[in-house]
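These notes are about the structure you will find just below.
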Amino acid sequence: MIASPVSALDEFRAHVADAVGAHPIVRANSYTAWFARGDVSDDALRRFTVQFSVFSHLFLEAQMRKCINAPDVASYRASKEILLNELGVSFTREGSVEGGTFRFRAGHFEWLAEFASALGLTWHEIGKRAHGLPATLAFCDALVEWYGSDDESTAAGASFAIEHWAAAGFWKELIAGLRAIKAARHPDLPLGFWTWHDALEEQHAAHTDDELAQAFAKPGFSSERFLRAGTAMLDAVAGFWEGLAQSR
Ligand SMILES: [Fe+2]
């Protein structure tokens, strides 16, 4: 018997729910759960900031690669929206960088550098490969390999997994901890980098199922490669947080 397209998609959705939705790092993150309580020393907060700055900054390399490997103009533009917004082009009311204004200070890494500066971290202490723990660098390299892949199914699986993880609530846990720290001892800590990303993820979360169905409908789609990339990406995400947990 040949399965109907709808049931094949449903079957694929069930595999994705197992591999991505039920991945340990999506279900629970002991580091961010601890961080959310706000009982974080300045030393631990600086170590966290340095590792997050390396990931955030090197993410640009993966996003550039995603643009270069985009399978069509629509995907190319979708990836370029993210890259240019990261670099400092604001979204217009239509939600696009088309016609948006570039400002140096709107670059996400500049927000993070200001946050780091409020904690006493200077420019040369953040955002470079040399500052990354092995697990942080493994995560950044996994982003380039899987998220920036030239194989469409692989890139779609990695992208889906990253968005699913980002929408699963880790920004909110970080913000809860940072608000507590700010209230207790760092009144001038700028939280824009964190709150902006949390707000953006709330919009993304609504689209991930559409993206799944779109990827599935592409000619030559491989559910194996999609799932392999999603799992590899989340394993690397888990490694990143474990690296931080070990350093705390
Ligand atoms: Fe960003």
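No value in this document is a laboratory result; all are computed from the given coordinates. Since the structure is predicted, the reported quantities are computational estimates derived from the model, not experimental observations. Please note: Cβ atoms are built from the backbone with ideal geometry, for glycine as well, and neighbour counts cover all protein chains shown.
To the nearest 10 degrees, how steep is helix 5-16 against the longest Cα principal axis of the chain, on a 0 to 90 scale?
30 degrees
Suppose R0 equals 30 Å. What FRET efficiency, 1/(1 + (r/R0)^6) with r the Cβ-Cβ distance, do Met64 and Asp235 give to the nearest 0.05?
0.80
Cβ under 10 Å from Ala236's Cβ, Ala236 left aside: what net charge do those residues give with Lys, Arg +1 and Asp, Glu -1?
Computed value for this residue: -3.
Roughly speaking, what is the centre-to-centre gap between region 127-156 and region 71-109 when only Cα atoms are used, to the nearest Å?
21 Å
Rounded to the nearest 10 degrees, what's the angle between the helix 208-217 long axis and the longest principal axis of the chain, both from Cα atoms, 0 to 90?
30 degrees
Could you work out the helix-only [θ] at 222 nm for the chain, with each DSSP H run of four or more residues adding -39,500 (n - 2.57) and the total divided by the number of residues, to the nearest 500 deg cm²/dmol?
Helices in the chain give a 222 nm mean residue ellipticity of -21000 deg cm²/dmol.
Please give the length that would be gained between Arg93 and Ala138 if that part of the chain were fully extended, namely 0.36 nm times their separation in residues minus their C-alpha to C-alpha distance (nm, one decimal).
Length gained between Arg93 and Ala138: 12.5 nm.
Might you report the magnitude of the Cβ-based charge dipole of the chain about its Cα centre, with Lys and Arg at +1 and Asp and Glu at -1, to the nearest 20 debye?
680 debye
Using the structure shown, list the pairs from Lys172/Lys218; Lys128/Lys182; Lys128/Lys218 with a Cα-Cα distance above 28 Å, or answer none.
The answer is Lys172/Lys218; Lys128/Lys218.
Note the full-extension length gain between Lys128 and Asp210 as 0.36 nm times their separation in residues minus their Cα-Cα distance, in nm to one decimal.
Computed gain between Lys128 and Asp210 is 26.0 nm.
GNM, the chain, Cα, under 10 Å: largest mean-square fluctuation among Ser41, Ser90, Ser153?
With Cα springs under 10 Å in the chain, the top fluctuation among Ser41, Ser90, Ser153 is at Ser41.
Using the alpha-carbon atoms, what tilt in degrees (0 to 90, nearest 10) does helix 223-247 show relative to the longest principal axis of the chain?
10 degrees
Quick one: the Cα spread of region 1-127 along its three principal axes, in angstroms, biggest first?
65, 41, 27
Which of Arg129, Arg47, Arg105 ends up with the largest GNM mean-square fluctuation for the chain, with Cα atoms connected below 10 Å?
Arg105
Given labels modelled 7 Å from the Cα in the Cβ direction, how far is it in nm from Ser7 to Arg103?
5.6 nm
Run through all the Cα pairs of region 5-247 and give the fraction in each 10 Å bin from 0, expressed as whole percent.
7, 30, 37, 20, 5, 0
Going by the alpha-carbon gyration tensor, a ≥ b ≥ c the square roots of its eigenvalues, is region 199-248 rounded (a/c under 1.5) or, if a/c is not under 1.5, prolate (a/b greater than b/c) versus oblate?
Oblate, because a/c is 1.5 or more while a/b does not exceed b/c.
Multiply the residue gap between Gln246 and Asp43 by 0.36 nm, knock off their C-alpha separation, and tell me the result in nm, one decimal place.
71.7 nm
In region 1-95, which GluC sites (Glu not before Pro) are in a loop and have at most 13 other Cβ atoms within 10 Å, using DSSP for the loop call?
Answer in residue order: Glu94.
Output wanted: per-residue J couplings in Hz (rounded whole) for region 132-143, from phi through Karplus 6.51 cos²θ - 1.76 cosθ + 1.60, θ = phi - 60°, x for Gly and Pro.
Working through the residues one at a time gives x, 5, x, 5, 5, 5, 5, 5, 4, 5, 5, 4 Hz.
What does the charge add up to near Ser117, with Lys and Arg as +1, Asp and Glu as -1, over the other residues with Cβ less than 12 Å from its Cβ?
-3
In terms of modelled amide H atoms, which long-range or inter-chain residues lie less than 5 Å from the amide H of Ser222?
Counting only residues 5 or more places away or on other chains, the set is Ser153.
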